[in-house]
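Undergrad: Here you go, one structure.
Derivation of every value follows stated rules applied to the coordinates shown; laboratory data play no part. From a predicted model like this one, the values you see are computed outputs, not experimental measurements. Because the Cβ atoms are built from the backbone with ideal geometry, glycine has one as well, and the counts that use them run over all protein chains shown.
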Amino acid sequence: MEEKIDLRAQMMGTAKIPTAIIRLAIPAIISMVVMAIYNMADTYFVSISPEGYLGTAAVSVFMPIMLTTQALSILFAAGGAAYLSRLLGAKELEKAGKTATTTITLAFLMGVFVAVAGCIAARPMLLWLGASDSTIELAMDYAIVMFLASPVQLTNMAFNNLLRAEGSALQSMTGMVIGAVLNIIMDPIFIFTFNMGVMGAAVATAISQVVAFLILSSNYWRKKTVAPFRLKGFRFDREIISYITRIGSSTFLTQLLAAVGFAVINVCAKPYGDAAIAAFGIVNRIQFLGFALIFGFAQGYQPVAGYNFGAYKFKRLKSAMKFGIAVALAIGACVTLLCYFLAPQMMHIFTTDDYVTQIGIPALRWFTAGFTLTAFTLIMMMTHQAFGRATGALVLSISRQGVCLIPTVLVLANVLGLIGIMISPLVADVISGIIAVILAVRIFGYIRRREEEYALGLVDTCVEQ
C-alpha cells in the first residue's frame, strides 16, 4: 500500500506542478471527451436513420433526464473524490478506503432507484420535456433502455472519479475509451443492421456502459487501487456520507441545474417545432464536447490542489492554481473560436435539414461565446471543492446554470423569441464570471491566512482541515 502511494498519490505532492496536473488531466480529458462521444455518436447515427430529425428530437428530449441522472452520480462521485484526495494527502489510508467503498455503494443504490422511478414515470416526464405526438414513442424506446442501464452508469461515474483522485487516471481512462469505441461500433449495427432505430442507439450505449463497468471494477477486485473497495464488515459512516454529499452538492447542483436549464430551453423551443428542439439538442451535444475539455482538465487539477492543501504545501498549491487558471482560460478561448468559425461544418455533421441548420449555427456560436468565463468559474468551483469550502463551491455551481441561466432563458425567450434563447448562456456566463472573480480574490486571501497560521505553528496538522 505504501508503495502505491509513493508511485501515485505522492506524485501530486512532489512532481513538477505542470507535469502532475497534465498527467492527471490528459486521461481525465479523454474520459470526459469519451462521455461526450457517447452522446454524440447516438445523435449522429440517429440523425442519419430513417427517423431523421424526429429521432434527433426524441433523443434530445431525453437529455435533461440523462443530465439529471449524471448529477445524482456526481453527488457522490465528486464529493468522494475530493475527500479521497485530501485523505491521501493527510495519509489517512483506512478512512480513504471507507470513503471509496461508501461512494461506490451509494452510487449503485442511487442507480437502482433511478431505474425503477424512471421506468414508472418515463412517459409523463418526456411529454413535459417537449416530446410531441410525433416523437413520444421514439423517446420512450430510448428512455426505457437508458433507465435500465442507470445502476451501471452511475457506478461507472464513481469508479472514474475515485481512480483519478488517487492518481490512477490512466486506469480510469482505459475503461471509458474502450466503452466509447465499442459504442461507436455497435450504434450502426443495432440501428441499421438490426433495424432497431432509436432504441438501437440506447441498447448500444447500455452494452458499452456494462463493458466499461467490468473494466473499471476490475481495478478494485484485483486490488490495484490505493483506496480499496471492501464490503466485508462495511457500515455506512454518517460523517463520511455527510462530507461526501456536502462537498459533492456543488457539482451535483451544477449538473442538475444544467439539466433544468436544458429542459427550460426545450420547453421554450417547443413552439418552434421538433426541428428547433433537434437543433438545440445538437448544439448542446457539441458544446458539451467543449465543456468536457475544460471539465476534464479541471478534474486533473483538483486532486493536485486538494493534495497539496491537505499536505500544507502552499507554494505548490499556489503554483497549481495559477497554472490551472491559465490553461483553463486558454482552452475556453480555443473552444469559442473553433465553434464560431466551424459552426456550419459542425452542424452539417449531424443534420441535413435546412431549418435545423438555420437555427443551430447561430445558436452554437452564442452558446459557446462565453466559454472563457465558464472555464474560470469551473476552476474556481473545483478549487473550493478541493479545499472543502462547500459554500463557495455551491455558490459557483448554481450561479451559471441556475440563478443566471434559467431566469435569463425564460425572460429573453419571452421578450426576444428564438434569439433570446440563443444569447441566454452568454448572459449567464458574464454574471457568473463576475461572481467567480470575487470568490477568487477571497480564496487567495484564505490561502494566505492559512499559510501564515501554519508558519506560526497555529495549525494542528493532526486535525482535519
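Undergrad: Any idea which of C334, L439, M422 is furthest toward the positive side of the dipole for the chain, if Lys and Arg beta-carbons carry +1 and Asp and Glu beta-carbons -1?
TA: L439
Undergrad: Additional query: Pick out, from C119, T68, A158, the residue whose Cα sits farthest towards the positive end of the charge dipole of region 18-167, with +1 on the Cβ of Lys and Arg and -1 on the Cβ of Asp and Glu.
TA: A158
Undergrad: About its Cα centre, what dipole magnitude does region 205-350 give when the only charges are +1 on Lys and Arg Cβ and -1 on Asp and Glu Cβ, stated in debye to the nearest 20?
TA: Details: 15 positive and 3 negative charges, 187 e Å.
Result for region 205-350 is approximately 900 debye, rounded to the nearest 20.
Undergrad: Based on Cβ point charges of +1 for Lys and Arg and -1 for Asp and Glu, what charge dipole magnitude is obtained for the chain about its Cα centre, in debye rounded to the nearest 20? Don't skip to the answer; put the middle values down first.
TA: Numbers: 32 positive and 23 negative charges, 344 e Å.
Here the chain has a charge dipole of around 1660 debye.
Undergrad: To continue, here is another question. Let's see if you can work this out: charge +1 on each Lys and Arg Cβ, -1 on each Asp and Glu Cβ, no other charges. What is the dipole magnitude of region 2-146 about its Cα centre, in debye to the nearest 20?
TA: 660
Undergrad: Got a sec? How would W221, W128, W366 order by Cβ neighbour count within 10 Å, fewest to most? Each step should come with its number before you reach the end.
TA: Details: W221 10, W128 14, W366 20.
Ascending number of Cβ neighbours within 10 Å: W221, W128, W366.
Undergrad: Related question: So which helices of the chain fit the span-like rule, where a helix is a whole DSSP H run, its Cα atoms reach 24 Å or more along the axis, and its mean Kyte-Doolittle is at least 0.5?
TA: Details: long enough: 17-47 (43 Å, 1.45); 52-89 (51 Å, 1.24); 93-128 (48 Å, 1.17); 169-188 (30 Å, 1.22); 197-221 (36 Å, 1.36); 238-269 (44 Å, 1.12); 274-310 (51 Å, 0.85); 314-350 (49 Å, 1.23); 418-455 (57 Å, 1.09).
Membrane-span-like by this criterion, though nothing is claimed about a membrane: 17-47, 52-89, 93-128, 169-188, 197-221, 238-269, 274-310, 314-350, 418-455.
Undergrad: Taking the alpha carbon gyration tensor of region 2-455, what are the square roots of 5 times its eigenvalues, largest first, to the nearest whole Å?
TA: 35, 26, 18
Undergrad: Let me ask another. If I stretch the segment between C334 and R235 completely, what's the gain in nm (0.36 nm per residue apart, minus their alpha carbon distance), one decimal?
TA: Working it through step by step, the gained length comes to 31.0 nm.
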